[in-house]
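Following: one structure in structure tokens, then a few remarks.
The values are calculated or read from the model by the stated rules, or taken from the named source; none is laboratory data. These numbers come from a predicted model, not from an experiment. Please note: Cβ atoms are built from the backbone with ideal geometry, for glycine as well, and neighbour counts cover all protein chains shown. To get the accessible areas, we keep the full protein, side chains included, count just its heavy atoms, and leave off ligands, DNA and RNA. Shrake-Rupley method; radii C 1.70, N 1.55, O 1.52, S 1.80 Å.
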Amino acid sequence: MTRISVKVDGTTYQDEVEPRLLLIHYLRDRLGLTGTPIGCDTSNCGACTVDLDGVSVKSCSVLAVQADGGEVTTVQGLARDGELTALQKAFHEKHGLQCGYCTPGMLMAARDLLRENPHPSSDEVRHALEGNLCRCTGYQNIVRAVMAASGQEVTA
């Protein structure tokens with residue numbers, strides 16, 4: 001067992017974990033943060049994307065021990081005091097979700113993009129979301145939502 005200390009959604013946790021425990025399983029099984037889904041377990045779909053020390057990572061391909069001393073933000077840590085972020089509101093208003101399974105990963109990847117590039121083009125949005133798969137929406141409304149959250153609208 002390995003002792004880790006990690007801040008998740010603003011709360012610091014100290015735990016003993018198996019060195020091979022994936023971050024997604026630590027978040028869901030140990031901390032009860034089930035808002036981040038397990039998608040494919042192969043890092044192909046991006047549903048499990050979280051923020052680790054300011055960078056979007058697929059939590060099914062990161063060990064919990066790699067987060068030791070770090071800060072993780074999950075989709076559950078986005079809203080503060082029950083108030084949705086502009087990005088979350090835009091996903092709702094622009095119908096950027098259907099079944100919702102990919103939505104946590106899409107939100108986290110889009111958040112990372114907007115942090116680095118507050119006014120991306122629609123092509124830049126598409127490129128930033130390439131590692132996140134959606135089988136329901138066709139992506140158009142997701143792109144519209146990200147563009148709206150950046151204060152822009154998709155023209156084509």
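Of note:
- From GLY151, GLY131, residue being modelled with pLDDT under 95, on the phi > 0 side of the Ramachandran plot and either open to solvent by 20 Å² or more (accessible area, probe 1.4 Å) or assigned to a loop (DSSP other than H, G, I, E, B) (or both): GLY151
- Scope the range 89-109; condition closer than 19 Å to CYS60 by Cβ and surrounded by 21 or more Cβ atoms within 10 Å (Cβ to Cβ); matching residues: CYS102, THR103, PRO104, GLY105, MET106, LEU107, MET108, ALA109
- Residues of the range 29-56 classified as open to solvent by less than 30 Å² (accessible area, probe 1.4 Å) and assigned to a strand (DSSP E or B), total: 4
- Unmet requirement for SER61, which otherwise passes all of (1) under 22 Å from THR11 (Cα atoms); (2) over 12 Å from the mean Cα position of the chain (by Cα); (3) open to solvent by 30 Å² or more (accessible area, probe 1.4 Å); (4) at pLDDT 95 or above: (1)
Here's the yes/no breakdown for (1) on the phi > 0 side of the Ramachandran plot; (2) without any contact (Cβ under 8 Å) to a residue 40 or more places away in the chain; (3) in contact with a strand residue (DSSP E or B) (Cβ under 9 Å, 6 or more places away or on another chain); (4) in a helix (DSSP H, G or I):
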site	(1), (2), (3), (4)
GLY96	no, no, no, no
PRO104	no, no, yes, yes
ARG111	no, no, yes, yes
ASP123	no, yes, no, yes
ILE142	no, no, no, yes
VAL146	no, no, no, yes
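- Looking only at the range 64-80, and only at residues there that are farther than 22 Å from ASN117 by Cα and open to solvent by 60 Å² or more (accessible area, probe 1.4 Å), the one that is nearest to the chain's Cα centre (by Cα): GLN76
- Meets criteria (in contact with a helix residue (DSSP H, G or I) (Cβ under 8 Å, 6 or more places away or on another chain) and either at pLDDT 95 or above or of a type outside the set (Phe, Trp, Tyr) (or both)) for ILE24: no
- ILE4 vs. criteria in a loop (DSSP other than H, G, I, E, B), surrounded by 14 or more Cβ atoms within 10 Å (Cβ to Cβ) and touching a helix residue (DSSP H, G or I) at 6+ places or on another chain (Cβ under 7 Å): no
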